[in-house]
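Every number in this text was worked out from the coordinates using simple rules, so none of it is lab data. Here the structure is a predicted model, which means the values were calculated and not measured. Please note: Cβ atoms are built from the backbone with ideal geometry, for glycine as well, and neighbour counts cover all protein chains shown.
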Amino acid sequence: MHRPLRARRTVTALAVVGSLLAAAACSGGEGEPVAKGETPPATPGEPTKTAAPAKEPILLAFGGDTHFEGHLRSRLGNPSTALGPIAKVLKAADLSMVNLETAITTGGTPAPGKQFAFRAPATAFTALKAAGVDVTSMANNHGMDFMDGGLRDSLRAIKRTGFPTVGIGKDADEAYGAHRVTVKGNRLAIVGATQVLDDHLIPAWTATDSKGGLASAKEEARMVQAVRDARKGSDIVIVHLHWGEELNPCPLPRQQTLAKKLIAAGADVLVGGHAHIPLGGGYLDGKYVHYGMGNFVFSSANGQTAKSGVLLLKMEGRKVTAAKWKPALIQGGVPVLMRGTAATAEEKRWQGLRRCTGLSARP
């Protein structure tokens, strides 16, 4: 079942995105917008029409690794402002997504052998929603930091809040399953998985047919099938991956191999992170791949790990027709957009990161 996304004001999108969204924003209509996924009411005296809504260009926004550790925990006391001013960019897009790199629990047992274990209360979902985030992935190397007890709490919180979350579930079907939503007539399917898991935790954390856990991209055959399943009945398939190597500005061979397989299976957009620094993005076989979003809302970010940003993708049908990186710098744990010459220089640096990816600047 496709669930309509909330309508957002075109004027806000134009103010934030500018020329990237200009073509998509020109609807030419008047009056109140029709909710996404719904059919306009018939004119009195005319028969009701059941035709699917026309597909319009859409704007996607992606942020990187997000948690609420350390001093960030206090920001959840006021969820409406927890992500700071970057929320304006997220709200302007038709669909926004981040990686939620934490267990959602106040209990559980810390995973053995880990230096860092992250957790947050369910108000983390309230904060994401208030900031304009529409979907998140919990498939990462911190999603089950508090083991089975934390997993049960996370799944309960997801169910209770109804916040769209991928890459985690009570079994493999749920963990690898797609979140489906209709945006401006486009049927989207979003899948999440992690290629990064501590070796000694792989059996305990990987979802199977008989136990809950995370969707593992290490199970390549299962991941390929997940994308094929998502492709059925969808116009656009987005795959969010936790992958790469910390502080390595270039993708690993296993990332590039997986990207090719998932594109062949039907993915239109691949995005992800884990390196804690931004990596490059571009086109592969006509589809868009971004190898590393960097940190986003992260308490320990500093120096190079404080470089952040929002990836904006304009889609027309299955094609990404424009891509833009809006650079930000993490200050006090939250990303703040860079301005002027600093932003121009950082965007240029980001463009240069493509050199080691094997991706192209154009489709």
Lysines whose Cα lies under 18 Å from that of K55, excluding same-chain neighbours fewer than 8 positions away: K36, K184, K232, K314, K319
Cut-off under 19 Å on the C-alpha distance; same-chain residues fewer than 8 positions from K307 excluded. Which aspartates and glutamates are left, in chain and number order? D65, E69, E101, E245, E246, E346, E347
Work out, step by step, the length gained on full extension between Q225 and A345: first 0.36 nm times the residue separation, then minus their alpha carbon distance; give nm to one decimal. 39.1 nm
Could you size up the charge dipole of region 111-167 around its Cα centre, putting +1 on the beta carbon of Lys and Arg and -1 on that of Asp and Glu, and report it in debye to the nearest 20? 140 debye
May I ask you to sort T194, T182, T257 by Cβ crowding, counting other Cβ atoms within 10 Å and putting the fewest first? T257, T182, T194
Sorted from largest to smallest, which semi-axis lengths in Å does the alpha carbon gyration tensor of the chain give for its equivalent ellipsoid, taking the root of 5 times each eigenvalue? 30, 24, 21
So, by mean Cβ neighbours within 10 angstrom, what's the order for 196-208, 340-352 with the highest one leading? 196-208, 340-352
Pairs of Cα atoms under 8 Å, at least six residues apart: use those to get the relative contact order of region 201-352, whole percent. 15 percent
Could you tell me the center-to-center distance, by alpha carbons, between region 276-343 and region 227-273 in angstrom? 16 Å
Please order E219, E246 by the number of other Cβ within 10 Å, starting at the fewest. E246, E219
At a 10 Å Cβ-Cβ cut-off, how would you order V336, V227, V297, V181, fewest neighbours first? V336, V181, V227, V297
What is the antiparallel percent of DSSP beta bridges lying wholly in region 234-308, to the nearest 5? 40 percent
